[in-house]
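I have placed the structure first, in the form of structure tokens, so that the comments after it can refer back to it.
No lab work stands behind these numbers, since they all come straight from the coordinates. Source: prediction; values computed, not measured. All Cβ positions, even for glycine, are placed from backbone atoms using ideal geometry, and neighbour counts span all protein chains on display.
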Amino acid sequence: MVNQSIKEINILRFKGRDASTVSDLLAVEEPLDIRLEYGPAGHRTVKNLSVTMRTPGTDEDLAAGFLFTEGIVQRASDIEGMRGFANTITVALSPDLAVDLQKLERHFYTSSSCGVCGKTSIDAVKTAAHCIFSGKGEDWAINPEVMYSLPDALRHAQDTFEATGGLHASALFDRAGRLLAAREDVGRHNALDKLIGHYFRQNALPLDQHILLLSGRASFELLQKAAMAGIRVVCAVGAPSSLAVETAEAFGIALIGFLREGRFNVYSNPECIAHQLV
């Protein structure tokens with residue numbers, strides 16, 4: 001079976017003074033045009049919603065996760081079907097779903113340099129998330145030894161990263177540290193949308209009894225998506241941004257950074273980690 005997320009090319013490799021032609025594997029990066037079909041039966045409208053650069057594979061999960069974390073759909077039944085062709089996926093919404101045209105018109109922010117006001121953004125996400133998951137789940141604390149085991153478990157599940165070294169990943173674990181699912185992509189936000197979309201399509205949200213692990217840094221848009229899915233513990237191998245910490249605090253999320261080599265930092269809600277101060 002052809003792996004559409006990997007491309008093989010010939011390269012010139014140098015080692016010392018010697019050079020040789022060898023084959024190398026690259027992570028595929030291609031655009032995905034996400035389109036919406038909506039409106040009452042007999043009066044359907046198709047609209048181009050967003051173009052994202054992604055690694056092909058699980059495009060339906062990516063589209064569903066994107067629509068959910070952007071607040072356009074709230075339940076799996078809001079999506080009537082999907083059809084894909086040549087790097088385009090059209091998501092057909094239920095004819096009964098009232099579509100907020102302002103949300104379709106707004107520019108989706110995809111980086112921390114887009115100029116979106118932090119407080120306004122957090123408030124907007126908080127309002128949307130509250131409408132979906134208004135209750136708080138049971139309190140629980142994680143053993144630090146469980147945390148230490150997560151990066152290795154994710155690394156063993158990253159097949160495409162192992163081959164190419166060029167992908168981000170998002171993974172979901174249960175409270176005992178068992179890996180439940182992982183998704184890879186050239187875009188860190190796409191990897192998380194694929195993961196959340198997978199569970200959204202199974203009506204398995206909120207994910208408030210699970211641990212999210214990010215293979216890189218923790219940025220605002222990733223915490224925003226985690227909050228929308230009801231995730232209460234977010235771990236990152238890299239550093240968090242200041243707005244990511246503010247978002248975690250606003251949603252009661254335990255945010256862990258620099259989780260690697262037997263150590264980690266807790267940036268918000270430390271009561272979620274079983275510990276004793278020394």
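Summary table
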{"quantity": "3J(HN,Hα) from dihedral phi, region 29-38, Karplus parametrisation 6.51/-1.76/1.60, rounded to Hz, x for glycine, proline", "calculated": "10, 9, x, 10, 8, 8, 10, 10, 10, 8"}
{"quantity": "Under Karplus coefficients 6.51, -1.76 and 1.60, residue-wise ³J(HN,Hα) of region 65-81 in Hz, glycine/proline x", "calculated": "x, 4, 5, 5, 5, 8, x, 7, 10, 10, 8, 4, 5, 5, 9, 7, x"}
{"quantity": "Amide H contacts of ARG54 (H built 1.01 Å from N, under 5 Å, at least 5 apart or other chain)", "calculated": "GLU30, LEU32"}
{"quantity": "Cα-projected label distance for THR88 with GLU271, points at 7 Å along beta-carbon direction, nm", "calculated": "5.2"}
{"quantity": "Amide H partners (placed H, <5 Å) of MET82, local residues excluded", "calculated": "ALA92"}
{"quantity": "In sequence order, calculated HN-Hα J values of region 238-246 (Karplus, 6.51, -1.76, 1.60; Hz; x Gly/Pro)", "calculated": "x, 8, x, 8, 5, 6, 5, 5, 4"}
{"quantity": "Among 217-230, 15-28, the order from most to least packed when residues are scored by Cβ within 10 Å on average", "calculated": "217-230, 15-28"}
{"quantity": "Förster radius 35 Å - calculated FRET efficiency between LYS15 and ASP152 (Cβ-Cβ, nearest 0.05)", "calculated": "0.75"}
{"quantity": "FRET E, pair ASP139, SER77, Förster distance 30 Å, beta-carbon r, rounded to 0.05", "calculated": "0.45"}
{"quantity": "Rh (Kirkwood; distinct C-alpha pairs) - region 140-252, Å", "calculated": "14.0"}
{"quantity": "Length gained when the stretch ARG175-HIS43 is fully extended (0.36 nm per residue, less Cα-Cα span)", "calculated": "42.8 nm"}
{"quantity": "Electrostatic dipole magnitude of region 151-278 [Cβ: Lys, Arg +1; Asp, Glu -1; Cα centre; debye, to 20]", "calculated": "100"}
